[in-house]
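The next block holds one structure in the form of structure tokens; read it before the comments.
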Amino acid sequence: MSESGSDMFRREVTHNLPIADFDSIATGGGDSAVIRRLIASEYSRRLLLLYELYGLIKDDVELLGPLPPASEAWRLLRQIEDRSPSDLEAVLMHPQVGVWFAHTLRRIRYDATGDAPIWVAVGHLYSVILAAAVRGSVATKLRVPVRRGVIVLPTLGIAHIGPADEYRIADAESRDGSVVLRLDGDSLVIERVGEPAVRWWNLRRLNLLSEKGALDVFLDDVDPYRDLADPIDPGRLDEPSVASWRDRLGEAWHIIDRFHPGRADPIRTGLWSITPLSENPGWEIRSASTGDAFGAALMSLPADPQAAAVTMVHEFQHNKLGAILHLVDLTTGMDQESDLYAPWRPDPRPAAGLLQGVYAFLGITGFWCEQRSSRRATDVETADFEFALARRQAWAGWQALHRCSELTEWGRRFVEGMGTPLRSWLRESVPAHADRAARALFLDHRAGWRLRNLEVDPGWVRDAVVAWTGGLDAPPAAAARVRVRAGDSVWSHRRLQLYRGMPVPDGPPAPRGDVLLLQGDSDRAEVEYVRAIARSSADFDAWSGLGLAVAAQPGRREWRALLGRSELVKAVHDAVKDFAARPSPLTAARWLAG
């Protein structure tokens with residue numbers, strides 16, 4: 001599980017990780033010492049990427065276009081490595097520099113498209129060099145690309161110079177921590193790069209304080225490589241927005257640092273950058289991360305401190321797993337078909353995607369388990385419910401992974417490690433009302449996923465129609481073959497938000513059936529769902545809601561078909577109409593349930 005690369009800056013580059021650290025991370029953990037070793041492995045990888053890029057641009061002078069040759073870049077890198085190696089490391093390890101490496105190498109290796117000429121993407125190397133020189137007060141002169149009126153200094157900020165619709169080259173000079181930029185007779189001097197100035201948008205830092213220790217992170221709204229893959233324009237936040245982020249993340253960090261010490265130290269060590277995302281109506285929060293950008297998380301402004309805290313934990317899980325995947329393959333990659341059920345996604349997932357999701361939910365489940373033991377009185381019901389739901393989701397995803405044939409030997413070891421805390425959480429007792437709500441939402445999601453993504457064998461459907469019209473028993477559900485085919489990914493989160501006691505987002509009001517169901521009036525909810533299906537058989541939420549309403553009534557058996565094999569009930573219901581009067585959804589479910 002180790003790999004050695006070429007000599008880099010006159011030192012050996014080796015990236016590896018002790019087996020004990022691998023096993024610790026597999027269980028969802030990894031203390032700050034483990035994270036530091038993981039970071040060291042990531043840095044060696046960044047150096048190898050740099051060396052690969054240097055080799056490519058050295059052999060193809062067209063890639064740098066009008067910029068100085070690769071030999072000049074290498075000379076400057078060696079100079080900074082000699083005088084301020086820690087600053088060079090800080091810039092090379094900046095999450096957004098990792099995204100730039102990936103984007104640029106994709107463009108060179110695979111002719112991937114980009115929004116700028118290739119020399120602008122490759123020439124970002126000179127921006128990296130300039131940023132390291134400024135940080136380390138290394139005096140140097142060089143030329144840097146200008147991306148539509150913007151010069152980027154990773155870890156520091158962006159300068160505005162030149163036309164906003166052109167790609168140009170500027171002269172740059174690093175002087176004792178300041179920077180001078182010149183283009184077509186225009187000159188811009190930035191004396192203090194850590195502070196905003198005219199035509200200079202500094203990369204803001206948030207120093208989030210807590211009793212046990214601060215978390216220092218960038219709030220990145222300017223770097224073109226702050227997104228998941230391709231460059232994007234700056235999106236400067238105004239000061240009130242920055243204050244909202246500072247307050248919300250500060251409250252979140254207080255929760256993590258005070259109540260989750262086993263998570264706080266690793267996050268303090270390895271989470272360096274937050275990229276704000278716009279809010280998406282209908283979602284509580286948007287968040288993402290990429291293995292190319294270790295140390296970064298993208299998220300929309302969370303609604304409350306607990307949501308912010310669990311999102312930070314969630315995305316840091318992805319960061320850890322992404323770094324592991326740079327060391328060892330956990331899936332074979334032989335079968336990329338997306339056919340696995342993830343209880344938090346609307347679409348089928350490949351093994352690699354499900355692995356990421358389960359590992360993230362390992363962190364989410366652990367967070368809520370810890371919240372239960374450290375909660376304030378007002379948090380009791382929230383923590384119990386979220387823990388009960390997350391452990392069901394994580395366990396179901398883990399079971400699918402455990403059965404998966406696409407795991408490598410290391411992948412199976414990692415998945416076994418994930419199972420250790422999951423099994424212990426299954427033994428935790430939770431209040432009955434929280435467990436019932438979690439079970440209902442889990443079954444609701446599973447039924448909705450099956451309706452959207454499973455295609456029933458037409459032969460079985462024909463046999464079912466013949467049996468129905470002939471007054472015979474239903475063919476065995478177990479004999480029905482289904483094919484996974486990604487379907488409608490539009491998914492309403494209203495029912496989940498109602499269960500959580502959250503306001504329904506702007507848009508159509510919550511369906512009356514959902515409101516009645518949450519009020520405990522399952523009989524009237526059932527009537528509303530049947531009416532909704534009569535209006536449109538494609539109302540998937542009504543189908544799963546009907547199953548929940550029936551399941552809440554003692555002695556009813558139709559719910560097993562409605563929630564367990566929802567795709568069969570709908571297929572029969574829809575097909576029979578071509579031969580006879582369309583049956584009630586409940587009649588079809590009762591017939592299939594036997």
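Taking a ≥ b ≥ c as the square roots of the eigenvalues of the Cα gyration tensor of the range 384-525, is the shape rounded (a/c under 1.5), prolate (a/b larger than b/c) or oblate? Show your work: numbers first, answer last.
Details: a/c = 1.92, a/b = 1.08, b/c = 1.78.
Oblate shape, in that a/c is at least 1.5 and b/c is the bigger or equal ratio.
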Check: Among 545-557, 200-212, what's the highest-first ranking by average C-beta atoms within 10 angstrom per residue?
Finding: 545-557, 200-212
Notebook entry, point to check: Can you list residues whose amide H is under 5 Å from Leu301's amide H, if they're 5+ apart or on another chain and H is modeled 1.01 Å from N?
Noted result: Leu277
Check: For the range 133-187 and the range 410-451, what is the separation of their C-alpha centers, rounded to whole Å?
Finding: 52
Note to self: Taking the Cα centroid of the range 294-369 and of the range 201-242, what is the distance between the two, rounded to the nearest whole Å?
What the structure shows: 22
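Equivalent-ellipsoid semi-axes (√(5λ), Cα gyration tensor) for the chain, whole Å, largest first?
Details: eigenvalues 511, 129, 114 Å².
Semi-axes from the Cα gyration tensor: 51, 25, 24 Å.
Between Thr469 and Arg236, 0.36 nm times their residue separation minus their Cα-Cα distance comes to what?
Values: separation 233, 0.36 × 233 = 83.88 nm, distance 6.44 nm.
Contour length minus Cα-Cα distance gives 77.4 nm.
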Note to self: Nearest 10 degrees is fine. How inclined is helix 458-469 to the longest principal axis of the chain, computing both from alpha carbons?
What the structure shows: 20
Check: What nm distance separates the two modelled labels at Ala534 and Ser187, each placed 7 Å from Cα along Cα→Cβ?
Finding: 8.2
Next item on the list: Indicate the gyration tensor shape class of the range 36-202 (rounded, prolate or oblate), computed on the Cα atoms with a ≥ b ≥ c the square roots of the eigenvalues: a/c under 1.5 is rounded; otherwise a/b larger than b/c is prolate and the rest oblate.
Entry: oblate
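How many times 2.2 N^0.38 Å is the alpha carbon radius of gyration of the range 168-215?
On the way: Rg = 15.5 Å, N = 48, 2.2 N^0.38 = 9.6 Å.
Scaled against compact globular proteins, the figure is 1.62.
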Note to self: Using a 7 Å offset from the Cα along the Cα-to-Cβ direction at both Ala164 and Ala139, what is the distance between the two label points in nm, to one decimal?
What the structure shows: 3.7
Margin query: Quick check: the angle from helix 305-325's long axis to the longest principal axis of the chain, C-alpha only, nearest 10 degrees?
Written below: 70
Check: Which ³J(HN,Hα) values in Hz, rounded to whole numbers, follow from the phi angles of the range 509-519 under the Karplus curve 6.51 cos²θ - 1.76 cosθ + 1.60, where θ = phi - 60° and Gly and Pro get x?
Finding: x, 4, x, 4, x, 5, 4, 5, 4, 5, 7
Next item on the list: Please tell me the relative contact order of the range 331-430 in percent, rounded to the nearest whole number, where contacts are Cα pairs under 8 Å and at least six residues apart.
Entry: 32
Checklist line | the range 120-177, relative contact order [Cα under 8 Å, separation at least 6], % | finding: 41
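Each value in this text was obtained by applying a stated rule to the coordinates, not by laboratory testing. No experiment lies behind these values; they were computed from the predicted model shown. Because the Cβ atoms are built from the backbone with ideal geometry, glycine has one as well, and the counts that use them run over all protein chains shown.
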